[in-house]
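**Q** Following this message is one structure expressed as structure tokens.
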Amino acid sequence: MRQFEEFEATALFCSTCKQAMPVNKRLLLILPDGELWEYLCQQCGNSVGTKKVSSKPAILFLERSPDFIGINSNPDAALSGTGENRDSGTDSY
């Protein structure tokens, strides 16, 4: 059992303030494999650290059959939805 899946910083050492200070977290970058967060000192706004949160890809690619996009091995069948020849000159609605 994992008790600590992910740590969240509430205070970090700030070199400007010369002590551990409360921090705010802000999203810096969205990367293909996760997100990069920046921790900022609440007192002076100085950047005191970063954190990369890895995530699984959210995009799922599905393989489609050639018929789905209109590619068919028989070009005449693609023109006529029922297999009839459309060049007969008569249209039935």
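**Q** Filter the stretch 35-49 for residues that are of a type outside the set (S, T, N, Q), in a strand (DSSP E or B) and either over 20 Å from the mean Cα position of the chain (by Cα) or surrounded by 14 or more Cβ atoms within 10 Å (Cβ to Cβ) (or both) and give the result. Step through it out loud before you land on a result.
**A** Of all residues in the stretch 35-49, those of a type outside the set (S, T, N, Q) come to 35-41, 44-45, 48-49.
If we keep only those that are in a strand (DSSP E or B) as well, we get 35-41, 48-49.
Across the stretch 35-49, the qualifying residues are 35, 37, 38, 39, 40, 41, 48, 49.
**Q** Just a yes or no: is a residue in the stretch 15-30 among the aliphatic types (A, V, I, L, M) and modelled with pLDDT under 80? First the steps, then the outcome.
**A** Initially, the stretch 15-30 is screened for residues among the aliphatic types (A, V, I, L, M), giving 20-21, 23, 27-30.
Cutting the leftovers down to modelled with pLDDT under 80 gives us none.
There is no residue in the stretch 15-30 that is among the aliphatic types (A, V, I, L, M) and modelled with pLDDT under 80.
The values are calculated or read from the model by the stated rules, or taken from the named source; none is laboratory data. Treat the numbers as computed from the prediction; the structure is a model and nothing was measured. Heads up, the Cβs are rebuilt from the backbone with ideal geometry, glycines too, and the neighbour counts pull from every protein chain shown.
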